[in-house]
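> Okay, here's the structure, questions in a sec.
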Amino acid sequence: MPDLLLELRSEEIPARMQRKAAGDLRKMLTDGLVEAGLTYEAAREYWTPRRLALDIRGLTARSKDIREEVKGPSTSAPEQAVQGFLRKAGLSSIAEAHVHSDPKKGDFYVAHIAKPGRAAEEIIAELVPGIIRNFPWPKSMRWGPASAKPGSLRWVRPLQSIVCTFGPETEEPVVVDFEIDGIRSGNVTYGHRFHAPGPITVRRFDDYVAKLETAKVVLDADRRKEIILADARNIAFANGLDLVEDEGLLEEVSGLVEWPVVLMGEFEQDFLAIPGEVIRLTIRANQKCFVTRPQGAADDLSNRFILVANIEAKDGGKEIAYGNGKVVRARLSDALYFWKTDQGDLPDLDQLGESAAKFDLDLKKPLDQRMARLDHLNVTFHAKLGTQGRRVARIKRLAEQLASVVGADSALVARASVLAKADLQTEVVGEFPELQGAMGRKYALLQGEHASVAAAAEEHYKPQGPSDRVPTDPVSVAVALADKLDTLTGFWAIDEKPTGSKDPFALRRAALGVVRILIENRIRLALASVFAKAFANFKGGADQSSDLLAFFHDRLKVYLRDQGARHDLIDAVITPASDDLLQIVRRVEALGSLLDTDEGKNLLAGTKRAANILAAEEKKKTLVAETVEPALFREEAEKKLFAAVNQAEKEAGQAIQNEDFSAAMLALSVLREPVDSFFEGVLVNDEDQAVRANRLALLARIRAATDQVADFSKIVG
C-alpha cells in the first residue's frame, strides 16, 4: 500500500501553536481523504519550529468506482418536480433517467449514476491547497509582493516550501504536483538553518527523518523533549544539583529548537536573597530557562540555570551561556529592586490615612500600606461592582459571618480578609501577576502576621482547578469561601452569568471551588441564607438566590460524577431547595450503599411499581383516599404493609432528623418484603371503589415514606 509524506516548511512557528496546528493538519487531510473515498492504515503528525509534517501509511492508491441510484418523482409529476430531480441527479434530460414501477406507487423516475474512482494523487493535489488556504491559525500573515493582491495566501509565518511524495515502499515515490501562490510542491526540503542550510532531496518518510537528523533537525517533538530533559538532569547532577522540572516550559522550549543543545549558565549568589518563586519566574519568562536547586534541597535554589540552545557552538556554548547570564542578571536586578521596594514605605504614605482607618490598618507595616493604597486609588474590580476596596469590605463582612461556621477565629479572619488583596499593589505582583497570593503570604510573614493570616493571603484563591488542593486552615477556608461567594453573587446580581461555553469571569471555577471546599472539609453550610446576606451587599442588584443555587447544583453534579457517583442517584436526591451540599453528598452515598444490596434493589423495584400504578391512576383522575383506613383492609398483606410503612416512615424520619442517612435507608429497606407480598397477594384496582381508593392511599404512603430520602422514580433500574 502506498504511503504519503507531506511537509509544510515556513519561518518559525510560535511554540504555543505548533502541537495544535500539526493535529489540525492531520485531521483536515485525513478527513478529506476519507470523504473522497480513500482509506488509510495509520497517520501521525510531527512538528518543529519550522515545519509541520504528516506521515500517512497504507493509503489506497485509488478511490472505488461508485454506482448509486437516485430516486425521482412519479412519471406523472409536474415539470417543476422533474427539473429539480434532473438537477439533483446531474442529468441533462429526462431521457437519461430510467423508469421503475411500484405496485402501490406506480411508475417513477430513477437515475443510475456511475462515478469512476480517482487516483489518490489527483485527490491529494486537490485537497492540500484548499487546506493550506483555509488553515485555522489563531493568527496569520501575508508577505512579499503577492500580499498586496486580494485573496493572497495567508500563513502563520511566510511559507517557504512544500514536500509531497506518494508511493509504495517497493517503488520510487512520485511527487504529487500542485502549486499555491507560486510555491510548487516537490521532494526537496532544508535542514537546520545554520548547520545544514542546503537542499535535501527526500523520497518517503523514513529517509526524510534520517536525512533531517543528519542535517541537525530532530523531527519528533516528544523526542526533543526527552533529549532536553535527560541532558538537563545530567548536567545538573554533574554539578551537584537537581533540575527543577517544569513541564510547561519543557513543552515550550522543545518548540523553540530543532537541534537541542543543553547548557548551564550562572548568576551571582547575592540574587538568591530574592524569593525562589520570583527567581524562577524571572528566568522562565524572560529567558525560557530552567532553575536548579542543591541536591536534596526542597525549597532553596542554586545560582545555576539550564538553557537550551539551537546550535552546537564551536566554543562548547560558553559565549551563549555567558550572554544568557548577562540578560538573567539584568532581569534579576530588576526583581531584587522590586523585592526590596515592596518592603519599604510608599511615597504617598501621607495620603493613606482615611483608607487605613476604614480597614483598621497599621501604616507602619508595608503590606498594610499596600492595602490602604488599593482602596485610596479606587482601583476598579468591575465597572458594575465597584472598586477593589469595596470588594474587600464585602469579603470581610461575609468572612466574619462564616468564621463560626468553619471554626475560625473571627479576629484572624477579619485581619486576613483585609490583607488578602494587598499584594495586588506590590511591585513584584505588578511584574508577575501569577505570583499574587504567594507574595502576599511572604510579605505577611515578613511583617509578623499570624501564620493563618499569611496562609489565607495565598490560599484564599484556591482551588483554581480540579487538581488544585483546597485550603484546610479554617481562616483560609472562611476567606476563600467569602471571596468566591462574593464574586458569584456579585455577577449574578448584575446578570453577568456564564452562557454556553463562555465564562469570562471563571464563575464555574469559583462555584466548583466552593463545592470542593465545603465537601472536602466536611462543612455544613446553608447556602440560601448565605446568598441572602451576600446579595444584600449589592444595592440595586436583584436577589437571585434560587437561580444561583441551581447553578451550584449543576457544579455539584459535575463534581460528584467525576468522583464516580451515578447521575440518577444525584438527581433523585437533589431538590430545588437543597442548599446543604454536604448533606446532598451524604444522601447520595447512603442511597448508593442501599442500592448495592439485594434489599435495596428489590425495594427500588417495589416502590417504582407502586409509584407507577399511583401515577397512572392519578392521571385517570381515579379517586385516592386522603388517609389509609385500616377498617377497609381485606387481606393480611395490606395490614402488614400498613404497619411496616408506619414503622419505616417513623424511623426514617427520625434518622433524617438526626442526619443519619444510612440509618434512614436501613429503615426503608425493611419495606422490601411487605411490599413484595402486597403486590403478590393484593389486587389494587378492586371493584369496590372505597377499597381501591384505600389501597391507592397505601401506595401513596409508600411513595411519601421513600420520598423522605430520595425520589425513587428518578433512579434507573
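> How much length is gained if the chain between Ile94 and Glu179 is pulled fully straight, taking 0.36 nm per residue apart and subtracting their Cα-Cα distance, in nm to one decimal? Spell out each step's value before the answer.
On the way: separation 85, 0.36 × 85 = 30.60 nm, distance 4.00 nm.
Here the segment from Ile94 to Glu179 would lengthen by 26.6 nm.
> Follow-up. May I ask you to give the percent of accessible area on the range 499-568 that is carbon plus sulfur, with a probe radius of 1.4 Å? Walk me through the numbers before you get to the answer.
Details: 1740 of 3450 Å².
That share works out to 50 percent.
> Additional query: Can you order the peptides 76-89, 181-194 by their average number of other Cβ atoms within 10 Å per residue, highest first? List each step's numbers first, then the result.
Values: 76-89: 12.9, 181-194: 17.4.
Order by mean packing, descending: 181-194, 76-89.
> So what is the accessible area of the range 144-298 per residue, in Å², with the probe set to 1.4 Å?
Details: 7110 Å² over 155 residues.
Heavy-atom SASA per residue in the range 144-298 reads 46 Å².
> Still on this structure: What residues have an amide H closer than 5 Å to that of Asp242, excluding those fewer than 5 places away on the same chain, when H is modeled at 1.01 Å from N in the peptide plane?
Arg293, Gln295
> Of all the accessible heavy-atom surface of the range 252-347, with the other protein chains kept in place and a 1.4 Å probe, what percent is carbon and sulfur? Could you put the intermediate results ahead of the total?
On the way: 2230 of 4600 Å².
Ligands and nucleic acids excluded, carbon and sulfur reach 48 percent.
> How high is the FRET efficiency between Arg142 and Glu252 when r is their beta carbon distance and R₀ equals 35 Å, given to the nearest 0.05?
Calculated transfer efficiency: 0.85.
> In addition: Counting only helical runs of four or more DSSP H residues, what would the 222 nm mean residue ellipticity of the chain come to if each run contributes -39,500 (n - 2.57) and the total is spread over all its residues? Walk me through the intermediate numbers first.
On the way: 26 runs with 353 residues, N = 717.
Computed ellipticity for the chain at 222 nm equals -16000 deg cm²/dmol.
> What's the extension gain from Glu496 to Arg223 if we count 0.36 nm per residue and subtract their Cα-Cα distance? Mind dumping the intermediate values first?
Values: separation 273, 0.36 × 273 = 98.28 nm, distance 4.54 nm.
93.7 nm is the gain from fully extending Glu496 to Arg223.
> Continuing with the same structure: Given labels modelled 7 Å from the Cα in the Cβ direction, how far is it in nm from Glu35 to Ser101?
4.3 nm
> Let me ask something additional. Among rounded, prolate and oblate, which fits the range 1-160 when a ≥ b ≥ c are the square roots of the eigenvalues of its C-alpha gyration tensor, a/c under 1.5 means rounded, and a/b larger than b/c means prolate?
Numbers: a/c = 3.62, a/b = 2.22, b/c = 1.63.
Note, shape of the range 1-160 comes out prolate.
> Note the full-extension length gain between Leu349 and Lys619 as 0.36 nm times their separation in residues minus their Cα-Cα distance, in nm to one decimal.
Values: separation 270, 0.36 × 270 = 97.20 nm, distance 7.45 nm.
Using 0.36 nm per residue and subtracting the Cα-Cα distance, I get 89.7 nm.
> May I pose another question? Just need the Rg to Rh number for the range 149-239, please, alpha carbons only, Kirkwood Rh. The partial results should precede the final answer.
Values: Rg = 17.5 Å, Rh = 15.8 Å.
That ratio equals 1.10.
> Spin-label point model (7 Å from Cα, Cβ direction): what's the Gln563 to Gln657 distance in nm?
Using points 7 Å along Cα→Cβ, the separation is 2.8 nm.
> Now for a different question. Using a ≥ b ≥ c from the Cα gyration tensor of the range 1-78 (square roots of the eigenvalues), is it rounded, prolate or oblate, where a/c under 1.5 gives rounded and otherwise the larger of a/b and b/c decides, a/b for prolate? Show your work: numbers first, answer last.
Details: a/c = 4.69, a/b = 2.30, b/c = 2.04.
It comes out prolate by the Cα gyration axes.
> Placing +1 at every Lys and Arg Cβ and -1 at every Asp and Glu Cβ, with all other atoms neutral, what dipole size does the chain have around its Cα centre, in debye to the nearest 20? Kindly include the intermediate steps, with their values, before the conclusion.
Values: 96 positive and 107 negative charges, 295 e Å.
Taking the Cα centre of the chain as origin, the dipole is about 1420 debye.
> When only Cα pairs under 8 Å and 6 or more residues apart are kept, what is the percent relative contact order across the chain?
Working: 1151 pairs, mean separation 49.2, N = 717.
Result for the chain is 7 percent.
> Peptides 110-120, 137-147: what's the order by average Cβ count within 10 Å, highest mean first?
Values: 110-120: 14.5, 137-147: 12.0.
The densest-packed peptide leads the list: 110-120, 137-147.
> Going through the DSSP H helices of the chain, which span 18 Å or more along their own axis at the Cα atoms while scoring at least 1.0 as a mean Kyte-Doolittle hydropathy?
On the way: long enough: 15-35 (31 Å, -0.57); 120-133 (20 Å, 0.90); 221-238 (25 Å, -0.13); 318-341 (34 Å, -0.35); 388-406 (25 Å, -0.18); 474-493 (28 Å, 0.90); 507-520 (19 Å, 1.07); 545-562 (26 Å, -0.15); 581-595 (21 Å, 1.10); 598-619 (31 Å, -0.63); 636-657 (32 Å, -0.64); 689-707 (27 Å, 0.09).
Those that clear 18 Å and a mean of 1.0 are 507-520, 581-595.
> Quick one: what are the phi-derived ³J(HN,Hα) couplings along the range 623-632, Karplus 6.51/-1.76/1.60 with θ = phi - 60°, whole Hz, x for glycine and proline?
Each residue of the range 623-632 in turn: 5, 10, 4, 5, 9, 7, 10, x, 5, 8 Hz.
> Normalised by the residues of the range 595-717, what does the relative contact order come to in percent, with Cα pairs under 8 Å and at least six apart?
On the way: 125 pairs, mean separation 52.8, N = 123.
Taking the mean separation of contacting Cα pairs over the length of the range 595-717, I get 43 percent.
> Now, a different point. For the range 600-691, take the alpha-carbon Rg, divide it by the Kirkwood Rh, and send me Rg/Rh.
With Rg and the Kirkwood Rh in hand, the quotient comes to 0.99.
> Label the chain by shape, choosing from rounded, prolate and oblate, from the square roots a ≥ b ≥ c of the eigenvalues of the Cα gyration tensor; if a/c is under 1.5 it is rounded, and otherwise prolate applies when a/b is larger than b/c, oblate when it is not. Please report the intermediate quantities before stating the final value.
Values: a/c = 2.35, a/b = 1.12, b/c = 2.10.
In terms of gyration-tensor shape, oblate.
> Counting only other residues whose beta carbon sits under 12 Å from that of Gln425, what net charge do I get with K and R as +1, D and E as -1?
Numbers: positive: Arg370, Arg373, Lys421; negative: Asp342, Asp348, Asp368, Asp375, Asp423, Glu427.
Combined, the nearby Lys, Arg, Asp and Glu give -3.
> Skipping prolines and chain starts, which residues have an amide H placed within reach, meaning under 5 Å, of the one on Phe432, given they are 5 or more residues away or on another chain?
Excluding prolines and chain starts, which carry no amide H, there are no hits.
> Excluding ligands, DNA and RNA, what is the solvent-accessible area per residue of the range 552-684 at a probe of 1.4 Å, expressed in Å²? Kindly include the intermediate steps, with their values, before the conclusion.
Details: 6890 Å² over 133 residues.
Heavy-atom accessible area per residue stands at 52 Å².
> Give the peptides 287-298, 209-220 in descending order of average Cβ contacts within 10 Å, highest first. The partial results should precede the final answer.
Numbers: 287-298: 16.6, 209-220: 18.3.
Final packing ranking: 209-220, 287-298.
> Work from the charge dipole of the chain (Cβ charges, +1 for Lys and Arg, -1 for Asp and Glu, about the Cα centre) and give the residue of Gln401, Leu481, Tyr190 farthest towards its positive end.
After comparing all options, I get Tyr190.
> Under a 5 Å amide H to amide H cut-off, with H placed in plane at 1.01 Å, what residues pair with Ser161 once short-range neighbours are removed?
Arg9
> Any idea of the accessible area per residue across the range 501-543, 1.4 Å probe, to the nearest Å²?
Values: 2060 Å² over 43 residues.
On a per-residue basis, the range 501-543 sits at 48 Å².
> Stick to the Cα atoms of the range 85-178, pair each with every other, and give me the Kirkwood hydrodynamic radius in Å at one decimal. Kindly include the intermediate steps, with their values, before the conclusion.
On the way: mean 1/r = 0.0544 Å⁻¹.
18.4 Å is the Kirkwood radius here.
The values are calculated or read from the model by the stated rules, or taken from the named source; none is laboratory data. Just so it is clear, the model here is predicted, and its values are computed rather than measured. Glycine also receives a Cβ, built like all others from the backbone with ideal geometry; neighbour counts cover every protein chain displayed. These accessible areas exclude ligands, DNA and RNA; they are computed on the full protein's heavy atoms, side chains included. Shrake-Rupley method; radii C 1.70, N 1.55, O 1.52, S 1.80 Å.
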